[in-house]
Amino acid sequence: MKLRVAIGADHGGYALKEDLVSWLKDDCEVVDKGAASFDSADDYPDFALAVARAVASGEAKRGVIICGSGVGGSIVANRVAGVRASTCHDTYSAHQGVEHDDMNILCLGARVVGVELAKELVKAFLGARFVNESRFRRRLDKVLEMDRRGLESGGGH
């Protein structure tokens, strides 16, 4: 069974998204959340939210959001309960974010990385699995509790 991956991009990430969709189709079931065509007037929150909702609902197991820097997509995605998104432009962070933090959406900046590095980042992200050790589970449980409560943790630090 192929891993189901939602992917979306605004105009800043459209060309990179198209390259990644073609590349991913051999190994993954790709759920393309747009943009369907290049439109310089589109807005990253629309596509980032579509990917985040797909991951949060279980429509996809993982997600990839691409905009100019990756930052806007990350900000939007993390507003959705159940999503743990981060901008990663190095392979260590792309796999470590999954292994230690159960990151489920990778955000990329198409104006920061080229297509070959983007492929390496996505490969590292999709190939990683959460390490269910007590320290990582404890930390993830705190994040999940924040989602359940719909507000920041009252950890006192």
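The values are calculated or read from the model by the stated rules, or taken from the named source; none is laboratory data. Keep in mind that what you see is a predicted model, and the values were worked out from it rather than measured. A quick note on method: Cβ atoms are made from the backbone with ideal geometry, for glycine too, and the neighbour counts reach across all protein chains shown.
Of the strands (runs of 3 or more DSSP E) contained entirely in the range 1-87, those carrying at least 1 residues that are buried (at least 24 other Cβ atoms within 10 Å of the Cβ), within 14 Å of the chain's Cα centre (by Cα) and among the β-branched types (Val, Ile, Thr) fall at 3-9, 62-67.
With respect to ARG129, determine if the residue is of a type outside the set (Val, Ile, Thr), surrounded by fewer than 19 Cβ atoms within 10 Å (Cβ to Cβ) and touching a Ser or Thr at 6+ places or on another chain (Cβ under 7 Å). Spelling it out, it is not the case that ARG129 is of a type outside the set (Val, Ile, Thr), surrounded by fewer than 19 Cβ atoms within 10 Å (Cβ to Cβ) and touching a Ser or Thr at 6+ places or on another chain (Cβ under 7 Å). The sole residue among LYS2, LYS33, LYS25, LYS17 that is within 19 Å of VAL55 (Cα to Cα) and in contact (Cβ under 8 Å) with a residue 40 or more places away in the chain is LYS17.
Residues that are over 24 Å from LYS142 (Cα atoms) and at pLDDT 95 or above: does the range 77-85 have at least one? No: zero hits.
Within the set ASP141, ASP101, ASP147, the sole residue that is surrounded by 15 or more Cβ atoms within 10 Å (Cβ to Cβ), acidic (Asp, Glu) and either modelled with pLDDT under 95 or within 24 Å of LYS2 (Cα to Cα) (or both) turns out to be ASP101.
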